[in-house]
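Here is the structure we will look at, set down as structure tokens.
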Amino acid sequence: MSGVSGSLRPLIAGNWKMNGALGDLGVLGEIGEGAAEARGAADVLMCLPATLIHPATQRSDLGEMAIGAQDCHAAPSGAHTGDLSAEMLKDAGATAVIVGHSERRASYEESDTRVQAKAEAGLRAGLKTIVCVGETADERQAGLADEVVLRQLKGSLPEAAGDWSRGEIIVAYEPVWAIGTGLTATPDDVAQMHARMRQALSSWFGEAGDGVRLLYGGSVKPDNAAALLAIEDVNGALVGGASLKAETFVPIIEAASAGA
Ligand code: PEP
């Protein structure tokens, strides 16, 4: 990796989505062990269902792996039945939160404005905050991918650069059509989109923008991870399906560590 973001430590983040029970947490120990063997050249994070966050943090076999959440409410507390605030997730032991995942944007009609409020909540609670953006297949076919992604980026990130410092905000570019489908964007498309996002972040937020790690997400697997992670301005990956098993997640951590 080279350029402004070449010095950024890679991050491999898993997203278990609505999968997993207490009995599945042994997988985290296997991943922790595998990550330790990769000699810690990449940061590793696992975003779990909320029910598993606290029990996961009580394990002694996680190594350096951090535990995160998959969504939060924008408010710190209040009459929001069934929701969880960023402060509650932090209290449970999470150190990071994903906001604006395309599954939530689609299922709950989450707008950029709402995602931005959630991202601000993540920062308020002291969580590293992963903001997801990405175009649909129709938008890409219509030649609108760049426009859509930059609009989402501008609308979903916390407004004031002064409110966040280097490393607190992470962006995940996840083309919607590549999530859970086995399809990945071509290396050229990823390179182009990440370069555009880097340029925009630097011009909007200066040094804080330079420090934003840009993850790629969408069917990242052991056999495509090295090629995707070698792309300039790709500072890591957000991994869904392949994060559920150590045998598919550890090789992705290894690929990131080898290229770091
Ligand atoms: C995701 O959940 O963000 C994701 C990228 O999923 P998958 O790796 O399964 O495509």
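Which of the trypsin sites (Lys or Arg not before Pro) across region 15-63 are loop residues per DSSP, with 11 or fewer other Cβ within 10 Å? Walk me through the numbers before you get to the answer.
On the way: sites: Lys17, Arg39, Arg59; in loops: Lys17, Arg39, Arg59.
Qualifying residues, ordered by number: Arg39.
A Förster radius of 35 Å, combined with the Cβ-Cβ distance separating Arg9 from Ala79, puts the computed FRET efficiency at roughly 0.30.
For region 1-113, give the magnitude of the charge dipole about the Cα centre (Cβ charges: +1 Lys/Arg, -1 Asp/Glu; no others), in debye to the nearest 20.
Working: 7 positive and 15 negative charges, 31 e Å.
Dipole of region 1-113, to the nearest 20 debye: 160 debye.
Can you return the lysines within cross-link range of Lys221? Criterion is Cα-Cα under 22 Å, with same-chain partners fewer than 8 residues away left out. Within reach: Lys17, Lys245. The residues of the chain expose, per residue, 43 Å² of accessible area to a 1.4 Å probe.
Once you sort the root eigenvalues of the Cα gyration tensor of region 1-155 as a ≥ b ≥ c, which label holds: rounded (a/c under 1.5), prolate (a/b larger than b/c) or oblate (the other case)? Oblate, because a/c is 1.5 or more while a/b does not exceed b/c. In terms of its C-alpha gyration tensor, region 191-260 comes out prolate, because a/c is 1.5 or above and the ratio a/b outweighs b/c. Simple spin-label estimate for Leu22 and Glu147 gives 5.2 nm between the two label positions (7 Å along the Cα-to-Cβ direction from each Cα). Heavy-atom accessible area with a 1.4 Å probe sorts Leu89, Leu244, largest first, into Leu244, Leu89.
Note on the chain: with charges restricted to the Cβ of Lys and Arg (+1) and Asp and Glu (-1), its dipole about the Cα centre is near 240 debye.
Each of Val99, Ala41, Gly23 was scored by the projection of its Cα onto the charge dipole of region 20-122, and the greatest displacement toward the positive side belongs to Val99; charges sit on the C-beta of Lys, Arg, Asp and Glu.
Just to check, using Stokes-Einstein with a Kirkwood Rh over alpha carbon pairs, what's the diffusion coefficient of the chain at 20 °C and 1.002 mPa s in µm²/s? Let's see the in-between values first.
Values: Rh = 18.0 Å.
Translational diffusion coefficient: 119 µm²/s.
At an R0 of 22 angstrom, the distance between the Cβ atoms of Ala195 and Ala41 translates into a FRET efficiency of 0.40.
How many percent of the accessible area of the chain is carbon or sulfur, using a 1.4 Å probe?
Values: 5660 of 11230 Å².
Carbon and sulfur together cover 50 percent of it.
Below 19 Å, Cα to Cα, which aspartates and glutamates can Lys90 reach? Residues fewer than 8 away in the same chain don't count. Result set, ordered by chain and number: Asp43, Glu64, Asp71, Glu120, Asp163, Glu168. Under the convention that each Lys and Arg Cβ holds +1 and each Asp and Glu Cβ holds -1, the size of the dipole of region 64-132 around its Cα centre is about 100 debye.
Specify whether the C-alpha gyration tensor of region 64-131 places it in the rounded, prolate or oblate class, a ≥ b ≥ c being the square roots of the eigenvalues: rounded for a/c under 1.5, otherwise prolate if a/b is larger than b/c and oblate if not. Kindly include the intermediate steps, with their values, before the conclusion.
Working: a/c = 1.71, a/b = 1.27, b/c = 1.35.
The shape class here is oblate.
Just want the answer: with Cβ charges of +1 for Lys and Arg and -1 for Asp and Glu, which residue in Gly240, Tyr108, Gly182 is farthest toward the dipole's positive end in the chain? The residue sitting most towards the positive pole is Tyr108.
Net charge around Leu144, counting only other residues with Cβ within less than 11 Å of its Cβ (Lys, Arg = +1; Asp, Glu = -1)? Result for the neighbourhood of Leu144: -3. Note on the chain: helix-only mean residue ellipticity at 222 nm, from DSSP H runs of 4+ residues weighted -39500 (n - 2.57) and normalised by residue number, equals -12500 deg cm²/dmol.
The values are calculated or read from the model by the stated rules, or taken from the named source; none is laboratory data. Source: prediction; values computed, not measured. A quick note on method: Cβ atoms are made from the backbone with ideal geometry, for glycine too, and the neighbour counts reach across all protein chains shown. Keep in mind that these areas ignore ligands, DNA and RNA; they rest on the heavy atoms of the full protein, side chains included. Shrake-Rupley method; radii C 1.70, N 1.55, O 1.52, S 1.80 Å.
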